[in-house]
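Asker: My questions will all concern the structure given below.
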Amino acid sequence: MKISVPRVWRELKSHYLLEASVCTKCGKIHYPPRTICDNCKNHKLIRRKLSGEGEVLTYTVQYVVLEGYREHAPIIFAIVKLKEGVNVLAPLTDVKPENVRVGLKVTAVLRKITEDGDLGLIKYGIKFKPMKEFRNEGNVAYESEKRTRKNS
């Protein structure tokens, strides 16, 4: 799969930062960020970093995935309601599909999404992982995490 370097650079902020725009007039929070408030039509919006903490509202598990993402299958996609009240569609990480549930407390992390071959561009993005309390219950998904937990 070929990744466009100019496109990655143009979309850098949106992939690496969890930001919203907040209307200076009515206070509505927009995610993804917008330039015009859809509530009051105000053009003065400011960027604000979101907490990255929230809970799973709903989710789906994708077992058949596109080329370039097959090594990550199955991929769990969730709609996460953040503390600020906005909903974010993003993949979940570090959790087995059978351990995901509605109401699961999660936090945003920056993780590898895909790479363009062995020597190509690596694309990162926001994913959500279960908060520490859930992880301490033995619900981790990967062997590397199990080794890390045993050694600490």
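Asker: Could you list Ser51, Ser21 so that the one with the fewest beta carbons within 10 Å of its beta carbon is first and the one with the most is last?
Answerer: With the fewest neighbours first, Ser51, Ser21 line up as Ser51, Ser21.
Asker: Rank these for me by crowding, Leu92, Leu18, going from fewest to most other beta carbons within 10 Å.
Answerer: The order, fewest Cβ neighbours first, is Leu18, Leu92.
Asker: Can you count the Lys pairs in the stretch 21-84 with C-alpha separation below 16 Å, eight or more apart or on different chains?
Answerer: Value for the stretch 21-84: 9.
Asker: Order these by the 10 Å Cβ neighbour count, fewest first: Asp94, Asp38.
Answerer: Ordered by Cβ neighbours within 10 Å, fewest first: Asp38, Asp94.
Since every read-out is calculated from the coordinates, none of them should be taken as a lab result. As the structure is a prediction and not an experimental result, all values here were calculated from the model. FYI the Cβ positions are ideal-geometry reconstructions off the backbone, even for glycines, and counts take in every protein chain you see.
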